[in-house]
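Novice: This is the structure I have questions about; it appears just below.
The values are calculated or read from the model by the stated rules, or taken from the named source; none is laboratory data. What you are looking at is a predicted structure, and each value in this text was computed from that prediction instead of being measured. As a convention, Cβ positions derive from the backbone with ideal geometry for all residues, glycine included, and neighbour counts pool all protein chains shown. Just so you know, the surface numbers come from the protein's heavy atoms only, side chains and all, with ligands and any DNA or RNA stripped out. Shrake-Rupley method; radii C 1.70, N 1.55, O 1.52, S 1.80 Å.
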Amino acid sequence: MDLDLRKLRYFAAVAEHRHFGRAAEQLYIAQPVLSRQIKSFEQELQCTLLVRTTRSVELTAAGKQLYEEAQGILTAVAAAVRRVHDVDRRVQRLVVAFSPGLHVSDAIRAFMSRHPDVETDVVPARWWEQDAPLRDGRAQVGYLRRPFDEAGLHIIPIGHEPRVACMPAEHPLACRGQLTSADLDGERMLDAPTRRTSSLEEKFELIASGHGIALVPLSVAQSYARPDLARLPVTDAPGIDTCLAVLADRREKLLRDFLEIATATLRPA
């Protein structure tokens with residue numbers, strides 16, 4: 001069957017808001033129209049996506065899977081449309097994906113000074129799928145942290161950063177100058193295998209609320225500094241490598257120039 005992108009957008013809006021009325025307002029359509037479109041979409045897919053009650057809308061297991069898939073599909077389509085428009089307008093564009101806490105602005109400024117006619121843009125790379133913007137076409141190059149799926153990618157090592165333990169400011173360990181991994185034995189850790197959060201804001205809100213401690217890259221902790229949180233170095237925790245990544249088959253001169261500039265700019269002296 002052919003996937004109806006319009007109905008997929010409608011479904012994604014309902015899944016995001018968990019409410020037909022708010023989704024209809026975002027989409028600028030009437031709520032009964034939206035409800036009929038979603039029912040038609042479920043019939044076409046031959047599965048139930050939403051469980052409707054008088055007060056709420058919940059996703060079924062199939063709905064949760066489709067919502068996760070839809071985000072990648074819709075962003076890839078939007079990126080493809082943008083590239084078509086760029087070609088039509090004869091615009092050269094370079095888009096850089098970046099992991100949370102990593103700052104690529106110095107490299108972009110240096111690149112723009114050499115290529116003032118090239119439009120540049122950035123997109124965030126979610127920590128659990130950092131390579132996704134490269135693979136779905138939203139970005140040509142990424143400034144990322146390992147680990148991620150490196151298959152089919154050309155990787156240029158850039159640097160190394162430590163991880164710190166982030167915890168509530170009132171935690172008994174927060175008064176220490178530094179920690180070891182042994183100090184964290186018995187503590188509840190908010191790391192990916194135990195609880196995957198949808199955003200760093202959510203992770204830090206959970207930490208501040210007393211749900212646990214997280215080991216995070218130092219630059220992330222610095223970017224999300226707040227008075228109710230403490231961050232302490234963990235002397236024996238393995239650090240994290242940073243790198244530039246591009247699809248291995250990309251050979252454009254513009255991209256090579258950016259990689260050269262970014263490598264010189266971002267690598268520690």
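Novice: Could you tell me which residue of the stretch 9-53 is modelled with the lowest pLDDT, considering only residues that are more than 24 Å from the chain's Cα centre (by Cα) and basic (Lys, Arg)?
Specialist: The residue in question is Arg52.
Novice: Here is a follow-up. For the stretch 1-18, which positions are in a helix (DSSP H, G or I), surrounded by fewer than 17 Cβ atoms within 10 Å (Cβ to Cβ) and aliphatic (A, V, I, L, M)?
Specialist: Hit for the stretch 1-18 is Leu5, nothing else.
Novice: Checking the conditions here, which among Thr265, Thr242, Thr180, Thr235 is among the polar types (S, T, N, Q) and crowded, with 19+ Cβ neighbours inside 10 Å?
Specialist: Thr242
Novice: Quick test of your reading of the structure: Glu260 fulfils all but one of (1) at pLDDT below 90; (2) over 19 Å from Pro168 (Cβ atoms); (3) among the acidic types (Asp, Glu). Name the failing condition by number.
Specialist: Looking at each condition in turn, Glu260 falls short on (1).
Novice: Further question on the same structure: All but one of (1) modelled with pLDDT of 90 or more; (2) under 23 Å from Ile158 (Cβ atoms) hold for Ala230; state the number of the condition that does not hold.
Specialist: (2)
Novice: Okay, next question. Kindly list, by first and then second residue, each pair from a residue in the stretch 107-122 that is more than 21 Å from Pro133 (Cα to Cα) to a residue that is open to solvent by less than 80 Å² (accessible area, probe 1.4 Å) and not in a helix (DSSP H, G or I), limited to pairs with Cβ atoms under 7 Å and residues at least 6 apart or on different chains.
Specialist: Correct list of pairs: Met112/Thr120.
Novice: Show the residue pairs meeting these rules: Cβ distance below 6 Å; 6+ apart or different chains; first residue within the stretch 38-53 and within 16 Å of Gln65 (Cα to Cα); second residue in a strand (DSSP E or B) and open to solvent by less than 70 Å² (accessible area, probe 1.4 Å).
Specialist: Going by the 6 Å Cβ cut-off, the qualifying pairs are Leu50/Val57.
Novice: Can you name every residue in the stretch 142-156 that is crowded, with 20+ Cβ neighbours inside 10 Å and either closer than 21 Å to Val81 by Cα or among the basic types (Lys, Arg) (or both)?
Specialist: Gly142, Arg145
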